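Got a structure for you, questions after.
A short reminder: the numbers here are calculations on the coordinates, not readings from a lab. Remember, predicted model here, so these are calculated numbers, not experimental data. Methodologically, a virtual Cβ is constructed for each residue, glycine included, from the backbone with ideal geometry; neighbour enumeration extends over all protein chains shown.
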């Protein structure tokens, strides 16, 4: 739609052309609301789920009016070096398309990265903010971005950002997060003099991501993961483990089982992280074992499957994990393991359900992954409903096995999904027809159509 295109904004026309060249034509909901406010110099608190375009929401106003005048004109703060690298890649490509040098965007990870020449945009972790402002000329600093601000402001970095709350910074700050509660919103508004809150979480519910619980009846999470991969054969999978120690344990067990994988966590060198990310993007790599550090820090567009080997302590991280799949409405699946007898995992599953997350349940036992009866609900279903659902699930399993190719291809998932949708459609038509007959209706009143089943009016 023309009204949602980047060209319909007040952004620099050269920038909109560069955006189009990179494949960005239309604005996402967060971009559509934030960009006009930032172009007007308004402080903004932007709240949107992972993978919905927050990065371009703050980059576009910055890049639209960049001038090479020997001063830092924008500082972007982020909690992880992986996310800094990702932001740098996007900003550099867009600036290069506009004829700026590679040094126009500088990601600074430690004091060794300071340069004599002054970049236009500086990307840093919060602890480096005081040193950056003392090293580079910032008299013309127009914009300050706090990305993933819930972690920066409330996870021990608040002192580093004390200077940002001064009145002189009014009109220059944008604060972005995927998950803040009402109390945090109030704190952020007060601390950073923000009047404009843009929250698109209710507008963006990624329905393309399906959620699944897997009850694993084995002592080894690595065995469960291997069985899952062997049977589901996903194209690109990120498997999350909550702690570094447990990650290494699972990694060692997978290695002993001859499972090929890459792994990454926050304690690794930034160059190793970048190399791992680039390797995973290649077609030959299908499994990345990762810590929650990656749930916010690495964007891999091809990922179709997320596995939470264990659920995180903070369930907000589950949604960050799931957000790695199904980017921009692409189909995806998010699975989480619950070990047999794991009371903590059971409670977290209940908590996810209470938060409105809908998911089905599978059981992995004796090396076989099978569907449980019905969707996971914390109440008993009727025998009739369970039996009917079991019939449907049996049909789905059959068509999935029949449709899937032994050789995994990038588009196989859509093919399987179409086959599953057709099975569900036929099943639904059969149920409707049965109900019509039982209620005393005439079966001929039901018009059978492969795409649009409906009742015909009786003559």
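Ranked from highest to lowest mean number of other Cβ atoms within 10 Å per residue, what is the order of the peptides 85-91, 364-370, 106-112?
Result, highest mean first: 85-91, 106-112, 364-370.
How many nm separate the modelled label positions at residue 420 and residue 220, each set 7 Å beyond the Cα in the direction of the Cβ?
Rounded to a tenth, the inter-label distance reads 2.8 nm.
What distance in nm separates the simple spin-label points at residue 133 and residue 93, each placed 7 Å from Cα in the Cβ direction?
About 3.2 nm separates the two model spin labels.
Continuing with this model, one more query. For 58, 318, which order do you get if you count the other beta carbons within 10 Å of each Cβ and list the fewest first?
Sorted ascending by nearby Cβ count, the order is 318, 58.
A further question on this structure: Between residue 246 and residue 427, 0.36 nm times their residue separation minus their Cα-Cα distance comes to what?
That works out to 60.9 nm of additional length.
Would you list 174, 8 from fewest to most Cβ contacts within 10 Å?
In increasing order of surrounding Cβ atoms, one gets 8, 174.
Let me ask you something else. Could you put 359, 175 in order, starting from the residue whose Cβ has the fewest other Cβ atoms within 10 Å?
Sorted ascending by nearby Cβ count, the order is 359, 175.
How far apart, in nanometres, would the label points at residue 279 and residue 368 be if each is projected 7 angstrom from Cα along the Cα-to-Cβ direction?
Those two pseudo-labels are separated by 3.7 nm.
Take each of the peptides 125-136, 266-277, average the number of other beta-carbon atoms within 10 Å over its residues, and list them starting from the highest.
In descending order of packing, they fall as 125-136, 266-277.
Sort region 209-368 into rounded, prolate or oblate with this rule: let a ≥ b ≥ c be the square roots of the eigenvalues of the Cα gyration tensor; rounded if a/c is under 1.5, and if a/c is not under 1.5, prolate when a/b is larger than b/c, oblate otherwise.
Rounded, because the longest to shortest axis ratio a/c is under 1.5.
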